[in-house]
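Working notes for the structure below.
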Amino acid sequence: MEPLVDRPGPQIGRSSLGERMASCCSYRTLQAWLPILTWLPKYRLSWLQMDLIAGLTVGLTTVPQALAYAEVAGLPVQYGLYSAFMGGFIYTFLGTSKDVTLGPTAIMSLLCASYVGGDPVRAVLLTLLCGTIQTAMALLRLGFLLDFISFPVIKGFTCAAAVTIGFGQVKNVLGLKDIPHEFFLQVYYTFYRIPETRAPPLSETTPNGTSISFGEIVEDFGGGLAVIPFMGVLESIAIAKAFASQNDYRIDANQELFAIGLTNIMGSFVSAYPVTGSFGRTAVNSQTGVCTPAGGIVTGVVVLLSLAFLMPAFYYIPKASLAAVIICAVVPMVDYRVVIQFWRIRKLDLVPFLTTFLLSFWEVQYGIVGGVVVSGLMLLYNVARPSIKVVCVCVCARARMCACIHLRVCSLCVQVCVCVCVCVCVCVCGVVCVVTVCVLSVYRCVCVCVCV
């Protein structure tokens, strides 16, 4: 299909305020904010079948993953489905990638678990606040800020999150209770209490929620209001860029930011927790041949049908089954090959990678902040002390000494000369220059000098 983002953006720099106002209200500007107006008029009937197949496939993948990721976030399983359907509808209108699917992910669920404490009310409020922050960033065109988080930091965080999430589900597979959330304590208590492994109970009693003020909730979020929105857009845009490069089209980072922000704002009205782009479901979407973002509508409908007709059955899904789904989903996220690549290409990149990876086991947000700080310090050091390479310009004084022999052959005089070239070079930068190659010929000598 044709690139979805080959569309005009808002025009600036006009000569008068009236022309600027007219430009802001033009159809071209509307296309910039609503990408669906670019590809929908060109929609082909042949694309419909591919979009339906892709949307249905992704929808069937989304339902079990959404239930499992809600468990990671410490929320009732239905909140995973509440979070899964809104992204398909919103992104169809606002997204610039035909492949990306928005919904619950392992990383966002892990981040949310650190701040919501299993309270659905806090989760919904966090979704609204994240969406508001992301939308404000999009309107202020702050998408460039994402470039300050380096690739080693992203990979370090992803690998650590996969290990943390995967090991965190061992307690559900074994049926263990009262395991702390801190990673190192979690490892210790899990192994310590393995003898208590039991079958999961048929029912579970949860304590009643308590009411707290809006200000107290926002204050308790602390750094989460910076980490979660930023990591959400970073993960989604990284996925969008990867698949845009693979499938040969372009995306608009600020428009993606706007789509994610509005999805979270609207999702908060249906009890969703923060969502972002999912790599696994996006890969499924791309491989099944989706042609436009319209496949997200089909995915959303599948999730809504599951909410309408299958909710009573979700109660009987064992936590061990959901834990198995989560472990299978996060295992591919542990990319050990990237360590080998860093070692071979640039060993210094291992510093922010390991900083993020190790600190994330203490607290996820500390890993991200630590990695960004270390990466920033390395960047500032390179700027303060740049690597300077001097290219020497040599001024050569060449002398040629030739010995010639005159031969007379059949009344013709032939001159045969043997020349020896002497090349004395002085570099402008003051470095000694050594002659390495001297090519002899009858008429000239050419010397090639190397500075040492």
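The values are calculated or read from the model by the stated rules, or taken from the named source; none is laboratory data. Fair warning: this is a prediction, and the values are worked out from it, not measured in the lab. A quick note on method: Cβ atoms are made from the backbone with ideal geometry, for glycine too, and the neighbour counts reach across all protein chains shown.
Which residues, counting only those in the range 32-72, are of a type in the set (G, A, S) and farther than 20 Å from V284 by Cβ?
Restricting attention to the range 32-72, the residues satisfying the condition of being of a type in the set (G, A, S) are 32, 46, 54-55, 59, 66, 68, 70.
Those that are of a type in the set (G, A, S) and farther than 20 Å from V284 by Cβ: A32, S46.
In the range 36-61, which residues are assigned to a helix (DSSP H, G or I) and exposed (fewer than 13 other Cβ atoms within 10 Å of the Cβ)? Break it down into steps so the answer makes sense when it comes.
Residues of the range 36-61 that are assigned to a helix (DSSP H, G or I), as a first pass: 36-42, 45-61.
Scanning the range 36-61 gives P41, K42, L45, S46, Q49.
For the range 49-84, a residue qualifies if it is free of Cβ contacts under 8 Å to residues at least 60 places away in the same chain and closer than 15 Å to V298 by Cβ, and exactly one does: Q49. Applying the criterion of being over 26 Å from the mean Cα position of the chain (by Cα) and among the hydrophobic types (A, V, I, L, M, F, W, C) to the residues of the range 26-49, the residue that is modelled with the lowest pLDDT is L30.
Here's the yes/no breakdown for (1) assigned to a loop (DSSP other than H, G, I, E, B); (2) at pLDDT below 75:
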position	(1), (2)
I327	no, yes
D335	yes, yes
I340	no, no
L354	no, no
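For the range 223-268, the set of residues classified as of a type in the set (F, W, Y), touching a helix residue (DSSP H, G or I) at 6+ places or on another chain (Cβ under 8 Å) and over 15 Å from L140 (Cβ atoms) consists of F243 only.
Of all residues in the range 274-313, those satisfying the criterion of being more than 12 Å from T61 (Cβ to Cβ) and part of a loop (DSSP other than H, G, I, E, B) are P274, V275, G289, V290, C291, T292, P293, A294, L310.
Residues in the range 260-296 that are modelled with pLDDT of 85 or more, surrounded by fewer than 19 Cβ atoms within 10 Å (Cβ to Cβ) and either aliphatic (A, V, I, L, M) or at positive phi (or both): 3 in all.
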